[in-house]
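A.B. asks: The structure under discussion is supplied below as structure tokens; questions concerning it will follow.
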Amino acid sequence: MGRRGWMGLAWGSFTAATAGCLAATGRFMFPNVLNEPPQQFTIGFPDEYGEGVDERWKDRFGVWVVRTPFDDYHETSGFYALLVTCTHLGCTPNWLSAESKFKCPCHGSGFRPTGINFEGPAPRPLERARIVLAEDGQIMIDKARKFQEELGQWTDPEAFLGV
Ligand code: FES
């Protein structure tokens, strides 16, 4: 290869390397934005919910909303929000309404509608999330604040919304 050829090759390599650097810098300046669901959200008004486990926010927000006529921890009727994360290794259980239980497809853990574990390897109940009334009267859930039954936290006033 002649001198021109080598120069062309060197110039081409330099250009390619520069372009690569610019592309990397560009990616650094404009990172991919992760559209994670918000931790805090409103889910409508209490009278929009019937009794039992409501699955409408499972996929979007990662919670089951449960309306109960009587909660053992607060001794009244109302709502609690269960996180959809199995306390064994983090899979997402399914709600089996015919059997009135949450069943994890990974290793078979079962949870009562309250979130209490009763079969399989899960070592503790599902976690509940903060649930309160927003100023406009809608139910507001805040997943940044979690309550664990085994730590005695389900009796916290914000772990349950009396209605
Ligand atoms: S992750 Fe649910 S039973 Fe193992």
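A.B. asks: Put a dot 7 Å past each Cα toward the Cβ at Glu150 and Phe118; how far apart are the dots in nm?
C.D. replies: Placing both labels 7 Å beyond Cα along the Cβ direction yields 1.9 nm.
A.B. asks: Please list the non-local residues whose amide H lies under 5 Å from the amide H of Gly108, H modeled 1.01 Å from N, same-chain partners needing a gap of 5 or more.
C.D. replies: Amide H neighbours of Gly108, under 5 Å, 5+ apart: none.
A.B. asks: Still on this structure, I have one more. Of Glu48, Glu119, Glu99, which has the most accessible area and how do the rest follow, probe 1.4 Å?
C.D. replies: Of Glu48, Glu119, Glu99, the descending order of accessible area is Glu99, Glu48, Glu119.
A.B. asks: Now for a different question. Holding the Cα-Cα limit at 18 Å, pick out from Lys103/Lys146; Lys101/Lys146; Lys58/Lys101 the pairs that are longer than that.
C.D. replies: Lys103/Lys146; Lys101/Lys146
A.B. asks: Scan around Thr85 for amide H atoms under 5 Å from its own, H built in the peptide plane at 1.01 Å from N, and keep only partners 5 or more places away or cross-chain.
C.D. replies: Amide H to amide H, under 5 Å and 5 or more residues apart or across chains, Thr85 pairs with Glu127.
A.B. asks: Something else: With every protein chain in place, what's the accessible area of Ile116 (1.4 Å probe, Å², nearest 10)?
C.D. replies: We get 50 Å² for Ile116.
A.B. asks: Return the sequence-ordered ³J(HN,Hα) values of segment 66-82 in whole Hz as given by the Karplus equation 6.51 cos²θ - 1.76 cosθ + 1.60 applied to θ = phi - 60°, using x for Gly and Pro.
C.D. replies: Each residue's phi maps through the Karplus curve to give 10, 9, 10, x, 7, 10, 4, 7, 10, 6, 7, 8, x, 10, 9, 10, 9 Hz.
A.B. asks: Hey, what do the phi angles of segment 97-102 turn into as Karplus ³J(HN,Hα) couplings, whole Hz, using 6.51/-1.76/1.60 and θ = phi - 60°, x for Gly and Pro?
C.D. replies: 5, 4, 9, 6, 7, 8
A.B. asks: Okay, next question. Accessible area per residue of segment 58-158 at 1.4 Å probe, in Å²?
C.D. replies: Roughly 47 Å² per residue, with all protein chains present.
The values are calculated or read from the model by the stated rules, or taken from the named source; none is laboratory data. Only a predicted model underlies this, so the values are computations on that prediction, with no experimental measurement involved. Every residue, glycine as well, gets a Cβ built from its backbone with ideal geometry; the counts of neighbours run over all protein chains shown. Just the protein is used for accessible areas: all its heavy atoms, side chains included, with ligands, DNA and RNA removed. Shrake-Rupley method; radii C 1.70, N 1.55, O 1.52, S 1.80 Å.
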